[in-house]
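Have a look at the structure below, then the notes.
The values are calculated or read from the model by the stated rules, or taken from the named source; none is laboratory data. Note that this is a predicted model, so its numbers are computed, not measured. Here the Cβ positions follow ideal geometry from the backbone for every residue, glycine too, while neighbour counts run over all protein chains shown.
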């Protein structure tokens, strides 16, 4: 018992050292995928428990993309369980990428509110409003600081797809930004 | 290269994902194409705006505590008992503070308060050392004294800082000693010993007072950089690098081990 507990203790310690530095990364991605603080909390916790269970068999790749892959699976499972239709759960969005409106006029938001809105808040909102899978791609690149290869691995798509999604995401953000700023796009 | 190709590739250029040959191709196209040049400039500005917007939402302390409490293979009967996960008072720091979550939940709030207090202090220092690390890479001022000879680096610090930072040669272990630098953190002079692992630079900051003293090593990540902090020999050590956490931990472990009394230096 003592030996077992010692091993588990050691495993927990190694896991903490390896995985907990990426807690903020996991949380940021969970917020982006689920758009809800409580759900993000649950998903990140589930992700860490799963990761700990599989830590014995972990041989790489880098810890961050490994964790985020688990997290993304947890989030997708959650969408499936709820029976929610979210584009994050499948690839059908990609086929319709060209149909995604680049930007809709922000009719719901009064012009005066936009003017007051701080630039940082605008950027946060614009990223949050990006449709999946473009949202997760830009978040993994700009916030989680993953390489194209790592993003491809987490999202389970080819690197070429990552590149086109990223180009599309930035294009949408740019149009939206220009619209929000009132500049010609 | 046409504009359609360049449109995709300029993102890869922006993200540092292109090899030299492709980067040249894209740059050549941009030089001839005002439209694509404008796009690149716009995306670059947007990227900078995103970087400045602090988009990375930090995990709440309560979530960290929950994860920590659940970690050591919690049996179905409930949380791990204190016997399975003994609390070590010497590690009342970053992670172990959260380890306190494994004790009876009544004590959780109190221990969290303590943890948060310690964290704030250390988090501020962690932010400072990461900023110093980034500055050292940006300003092309990584080394004041550039040598792989530990016996040159160590005397160089004499009289510049009020500590004699240990300078350890870890070349055999794959960490190349590059040199030393005098840095300032929070207005105080701090010694930095600079190492390299493959293409990753490691700054090892050494000072008498720099954060709360922890005998055990603490790990954290700030702005994507990994940080290891520990105390020993009356000094505070902060290792910062973009190296992955495991390898930086290995580095810090080797430095700490070689400094322990009895270890050959």
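Structure values in brief
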read-out	value
Condition met for residue A:8 (at pLDDT below 85, within 8 Å of another protein chain (Cβ to nearest Cβ) and surrounded by fewer than 23 Cβ atoms within 10 Å (Cβ to Cβ))	yes
Every residue from the range B:16-34 that is at the interface with chain A (Cβ under 10 Å from one of its Cβ atoms) and surrounded by fewer than 18 Cβ atoms within 10 Å (Cβ to Cβ)	B:16
Subset of the range B:202-231 (residues that are more than 14 Å from chain A (Cβ to nearest Cβ) and surrounded by fewer than 18 Cβ atoms within 10 Å (Cβ to Cβ))	B:208, B:209, B:213, B:215
Residue within the range A:114-123 that is part of a helix (DSSP H, G or I), modelled with pLDDT of 50 or more, within 14 Å of chain B (Cβ to nearest Cβ) and loosely packed, with under 13 Cβ neighbours inside 10 Å present	yes
For residue B:254: the one exception among (1) away from chain A (no Cβ under 13 Å); (2) under 24 Å from residue B:131 (Cβ atoms); (3) part of a helix (DSSP H, G or I)	(2)
Sole exception among (1) away from chain A (no Cβ under 11 Å); (2) not in a helix (DSSP H, G or I) for residue B:57, by number	(1)
Residue that is buried (at least 16 other Cβ atoms within 10 Å of the Cβ), at pLDDT below 90 and either more than 14 Å from every other protein chain (Cβ to nearest Cβ) or part of a helix (DSSP H, G or I) (or both), where the choices are A:29, A:33	A:33
Count of the range B:193-242 residues which are at pLDDT 90 or above and not in a strand (DSSP E or B)	1
Index of the failed condition, residue A:102 passing every other in (1) over 16 Å from residue A:177 (Cα atoms); (2) at pLDDT below 85; (3) touching a helix residue (DSSP H, G or I) at 6+ places or on another chain (Cβ under 6 Å)	(1)
Residues within the range B:142-156 that are under 17 Å from residue B:190 (Cα atoms) and either surrounded by fewer than 12 Cβ atoms within 10 Å (Cβ to Cβ) or without any contact (Cβ under 8 Å) to a residue 12 or more places away in the chain (or both), tallied	1
Odd one out for residue A:157, checked against (1) crowded, with 17+ Cβ neighbours inside 10 Å; (2) part of a helix (DSSP H, G or I)	(2)
From the options B:129, B:167, residue that is part of a loop (DSSP other than H, G, I, E, B) and under 20 Å from residue B:230 (Cβ atoms)	B:167
The listed residue being crowded, with 24+ Cβ neighbours inside 10 Å, touching a strand residue (DSSP E or B) at 6+ places or on another chain (Cβ under 8 Å) and at pLDDT below 90, out of B:180, B:245	B:180
Close pairs from the range A:121-148: first within 20 Å of residue B:52 (Cβ to Cβ), partner at pLDDT 90 or above and in a loop (DSSP other than H, G, I, E, B), Cβ under 8 Å, at least 6 apart	A:138/A:130; A:140/A:146
Test: residue in the range A:170-178 that is under 26 Å from residue B:242 (Cα atoms), within 10 Å of chain B (Cβ to nearest Cβ), surrounded by 22 or more Cβ atoms within 10 Å (Cβ to Cβ) and modelled with pLDDT of 90 or more	yes
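Every residue, every condition in (1) buried (at least 16 other Cβ atoms within 10 Å of the Cβ); (2) out of contact with any strand residue (DSSP E or B) (no Cβ under 8 Å at 6 or more places or on another chain); (3) within 12 Å of chain B (Cβ to nearest Cβ), yes or no:
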| site | (1), (2), (3) |
| --- | --- |
| A:46 | yes, yes, yes |
| A:52 | yes, yes, yes |
| A:66 | yes, yes, yes |
| A:69 | yes, yes, no |
| A:72 | yes, yes, no |
| A:77 | no, yes, no |
